[in-house]
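The values are calculated or read from the model by the stated rules, or taken from the named source; none is laboratory data. Keep in mind that this is a model prediction, so the values were computed, not measured. Cβ coordinates were reconstructed from backbone atoms using ideal geometry, including for glycine residues, and neighbour counts include every protein chain displayed. Ligands, DNA and RNA are stripped out before the accessible areas are found, and what is left, the full protein with its side chains, is counted by its heavy atoms. Shrake-Rupley method; radii C 1.70, N 1.55, O 1.52, S 1.80 Å.
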Amino acid sequence: MSAIPFQQAKLVELHCLEPVFFASRELSDTYYTEGLIGNYALAYALGWVNSPYRLQGQATGKPSYKEDFISIKNTCYILPASPKNNKVNFRFERFNALSDAYWYAMTNNRVATAREDVPLHRQGKKPNSFRPSNFPQTGCLRMIERGNIFQTLVFGDCELLPYIRVGKFMSKVKVSVINTFNVTLLPFGEYTTQFYLNSADLPPIEAFSFDLISMAPAPIIKNLRFRGAAWQVGEAIVPAGLSFCGQ
């Protein structure tokens, strides 16, 4: 890269004031939150971009990240937030959304508590065999515990709110700017970065080694060793040319 789209970057800490839940992985009836906060989720939470709360029609089958982020291209960028000191605490909670009625059945998208509500949803020859619900009614959640602190780098001049809400439960998180640094372009070479990176946002680089955290909508990379141009922010080094969806 011959130019740097971002002149400055901020080191930001995120303080979890409430338990934070994302369904990063689903194993049987347990829903796991990974020990990080994705940068796409943070961009929406900070109000940089917006998306409809409910998708309808053809939009339900197609993510709109590229369309949403095009408005802030070369304006701002944020890395996935990693746990401070590589330490994160979790909490487990079991949920039960079943009815306490004398009789109930899991039907499509809801729990029926009266037999007359479900004649059209019955499958098979058995009188009590019904199509399963699309939403889990019982299970266990692994959430990021309140009190955890995450760190990230924010490039550009987009607004940083003092408090945001993230995750499926819209949990409250405090946003604190720790320091501001100039962004320096480093020449083509071999580098290692400790910050988490979104694999969908990487520029063309030669990657030698990394750890992969598999989660939606794109895997997260940590401990990346690579060859290419780089940005230096304070003591941190990341690949040069990071942008949402690699735009």
Tell me, in nm to one decimal, what length is gained between Asn74 and Ser51 on full extension, where the rule is 0.36 nm per residue of separation less the Cα-Cα distance? 6.3 nm
At Glu235 and Val177, where each label point lies 7 Å from the Cα along Cα→Cβ, what is the point-to-point distance in nanometres? 2.3 nm
Which order do the peptides 81-91, 224-234 come out in when sorted by mean C-beta neighbours inside 10 angstrom, highest first? 224-234, 81-91
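Estimate the FRET efficiency between Lys168 and Glu67 by the formula 1/(1 + (r/R0)^6), using the beta-carbon distance for r and 25 Å for R0, to the nearest 0.05.
So, using R0 = 25 Å, E works out to roughly 0.65.
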How large is ³J(HN,Hα) for each residue in the stretch 187-198, as worked out from phi by the Karplus curve 6.51 cos²θ - 1.76 cosθ + 1.60 (θ = phi - 60°), to whole Hz, x for Gly and Pro? x, 4, x, 9, 9, 10, 10, 9, 6, 6, 9, 7
Those aspartates and glutamates that a straight Cα-Cα span of less than 19 Å connects to Lys84, excepting residues fewer than 8 apart in one chain: Glu13, Glu18, Glu34, Glu145, Asp211, Glu235
Near Lys66, which aspartates and glutamates are there with a Cα under 17 Å away, not counting those fewer than 8 places off in the same chain? Asp201
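Could you sort 208-221, 12-25 so that the peptide with the highest average Cβ count within 10 Å comes first and the rest follow in order? Show your work: numbers first, answer last.
On the way: 208-221: 14.6, 12-25: 18.9.
Result, highest mean Cβ count within 10 Å first: 12-25, 208-221.
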Label-to-label distance, nm, for residues given as Phe208 and Arg25 (7 Å Cα→Cβ offset): 2.8 nm
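How do 26-38, 173-185 rank on mean C-beta neighbours within 10 Å, highest first? Walk me through the numbers on the way to the answer.
Numbers: 26-38: 17.3, 173-185: 14.1.
Highest-to-lowest ranking by the protection proxy: 26-38, 173-185.
Can you send over the carbon and sulfur percentage of the accessible area for the stretch 157-202, probe radius 1.4 Å, protein chains only?
On the way: 1420 of 2680 Å².
Using a 1.4 Å probe with all protein chains present, the stretch 157-202 comes out at 53 percent carbon and sulfur.
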Taking a crude spin-label model, label points 7 Å out from Cα along the C-beta direction, the Arg94 to Glu13 distance in nm is 3.6 nm
